[in-house]
Amino acid sequence: MKKVLLFFVLTIPLWLSAKTGHPLTLQPDTTGCQAFFEYEVDDNDAPLTVHFEDESQTATDIIEWYWQFGDGATSDDPNPSHTYADAGTYNVILIIVTADGCSSTYDSHVQIGACNCPDIYDPVCVLVNGQIVQFDNACLAECEGFTDFVDCQHDTTG
């Protein structure tokens, strides 16, 4: 199984009020909540089942999850599984809303199937939004679209 860990933070989704049927007055608060997920691919043979796990950091309980899997399918489960018909790169989005009204979106390209990387640990790092993200090897980073590697001890304080 391939386990991938990425980290990106974006802003509030406006379509959430349409989903719930209630007008929402949410303020982005990256200190109170930060959406994040990991995923695992069962194998590299189609159809490809992927297990997504919410790893969001929040000050209060999450009351809503909304996933878009990049192929038209969605889910409101906290930790959904999704089966892709074809290998490829999909833009997966997780949106969370907490009990105190904080919302956060995590948006990541997810490589399903087509990338056959060796199972070796030779870590590389990339810089994303001022944060160092480590991959187990360069192949895995490149499968996620990263090619500009930085020193894993890179100073992100400016």
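The values are calculated or read from the model by the stated rules, or taken from the named source; none is laboratory data. In this text the structure is predicted, and so the values were computed from the model without any measurement. Each accessible area value is taken on the protein alone, full model and side chains, heavy atoms only, with ligands, DNA and RNA left out. Shrake-Rupley method; radii C 1.70, N 1.55, O 1.52, S 1.80 Å.
Quick look at the values:
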item	result
Portion, in percent, of the accessible area of segment 74-157 that falls on carbon or sulfur, probe 1.4 Å	43 percent
Accessible surface ranking that places the most exposed of His51, His109, His82 first, with a 1.4 angstrom probe	His109, His51, His82
Accessible area per residue in Å² at 1.4 Å probe, computed on segment 71-148	47 Å²
Accessible surface, 1.4 Å probe, highest first, among residues Phe37, Phe146	Phe146, Phe37
Segment Gln134-Cys117, extension gain: residue separation times 0.36 nm, minus the distance between their alpha carbons	4.6 nm
Phi-based couplings in Hz for segment 131-144 (Karplus 6.51, -1.76, 1.60; Gly and Pro marked x)	10, 7, 10, 9, 10, 5, 7, 5, 4, 5, 5, 5, 5, 8
Mean Cα-pair separation over length for segment 54-158, i.e. relative contact order, pairs under 8 Å, 6 or more apart, %	19 percent
Long-range amide H partners of Glu55 with built H, under 5 Å	Phe36, Phe37, Glu38
